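Take a look at the structure below.
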Amino acid sequence: MWELANNSFDENGLPQRIQVPKTAELIAQQLRGQIVRGVLKPGDMLPPETVLGQRFDVSRPTLREAFRILENESLIVVRRGSRGGVQVVSPDVSVAARYFGLLLQIQNTTLSDLYEARMVLEPAAVRMLAARRTDDDIKALVAVIDELADRVDAGAESADLDTWSTTAFRFHDLILERAGNQTIGLLGHVLADVVATHMSRVVSRTTDIDEVATQFKKSIRAYRKLVGLVEAGDADAAEAHWRRHMNLVAKKMLWGRFATESVVDLFN
């Protein structure tokens, strides 16, 4: 169904038409609003279909279409059977990461493009972290460094280098998470899978194990220096140090074919 939009005209001065949302979309919008505002919390069960159908004055097919919309958004889970029902769930960041990663692949985004974005985000996050750091933030960062140092000190010959990469990346991810800005933290999580996958591939393709260990030891020293600057609250020095470190890392991570490789190549 189409209706005229109020006070909306096209470039010729003619009234534009807008599409009236379907009933199922309106129901989904109302339930979505209750979920994001916390009126409906994760774990809550929605009333039975018969009750909701009467409340919204809609048929069962229309109600189920609304459920499908919310289920695709990972806001509810529809459980079938005699003990089934519709349960509210908390959407996991992996949902956003999956779709965002897909968009990066479809747009043929290069790895260098991705790292350029990280080199904008992380130094800025370091500055925020230095200004807002708590004792808990410092302890969390140090714990990751110590874990990585223990793994590297144990030797690279029989080590699981993927674990080294995962631990190292956790430090980077923690910077974004602890910066005190939820949007930056979420962006970091969304990019995490792509960057972690790339790190793992770079390490796995490196045949010089001693060089791998050397690079990780350099990273550990850079991490410890950063924590010292953050703990001291020296935002300028911390940001500058991390920008230099990330530029050096990018040169190591984007050697050879990685310099022109796209995100889609990581998952093929």
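The values are calculated or read from the model by the stated rules, or taken from the named source; none is laboratory data. Values in this document were obtained by computation on a predicted structure and should not be read as measured data. We place every Cβ from the backbone using ideal geometry, glycine too, and count neighbours over all the protein chains shown. Ligands, DNA and RNA are excluded from the accessible area calculation, which covers all protein heavy atoms including side chains. Shrake-Rupley method; radii C 1.70, N 1.55, O 1.52, S 1.80 Å.
The set of residues in region 88-113 that are open to solvent by less than 40 Å² (accessible area, probe 1.4 Å) and under 29 Å from L63 (Cβ atoms) comprises V88, V89, V95.
Every residue, every condition in (1) assigned to a helix (DSSP H, G or I); (2) buried (at least 18 other Cβ atoms within 10 Å of the Cβ); (3) in contact with a strand residue (DSSP E or B) (Cβ under 9 Å, 6 or more places away or on another chain), yes or no:
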site: K139; (1), (2), (3): yes, no, no
site: L148; (1), (2), (3): yes, yes, no
site: S158; (1), (2), (3): no, no, no
site: T163; (1), (2), (3): yes, no, no
site: T166; (1), (2), (3): yes, no, no
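Each residue in region 206-238 was checked for being in a loop (DSSP other than H, G, I, E, B), of a type in the set (A, V, I, L, M) and open to solvent by less than 50 Å² (accessible area, probe 1.4 Å), and 0 of them qualify.
Please verify whether region 213-222 includes one or more residues that are at pLDDT below 75, hydrophobic (A, V, I, L, M, F, W, C) and in contact with a helix residue (DSSP H, G or I) (Cβ under 7 Å, 6 or more places away or on another chain). No: zero hits. Taken together, E122, E73 contain a single residue that is touching a residue at least 12 places away in the same chain (Cβ under 8 Å), open to solvent by less than 30 Å² (accessible area, probe 1.4 Å) and of a type in the set (D, E), which is E122.
Scanning region 125-137 for residues being over 23 Å from R221 (Cβ atoms) and open to solvent by less than 10 Å² (accessible area, probe 1.4 Å) gives a total of 0. On the given criteria, is P91 touching a Ser or Thr at 6+ places or on another chain (Cβ under 8 Å) and of a type outside the set (K, R)? So P91 fits the description; yes. For region 239-255, a residue qualifies if it is surrounded by 14 or more Cβ atoms within 10 Å (Cβ to Cβ) and closer than 17 Å to R127 by Cβ, and the qualifying residues are E239, A240, H241, W242, R243, H245, M246.
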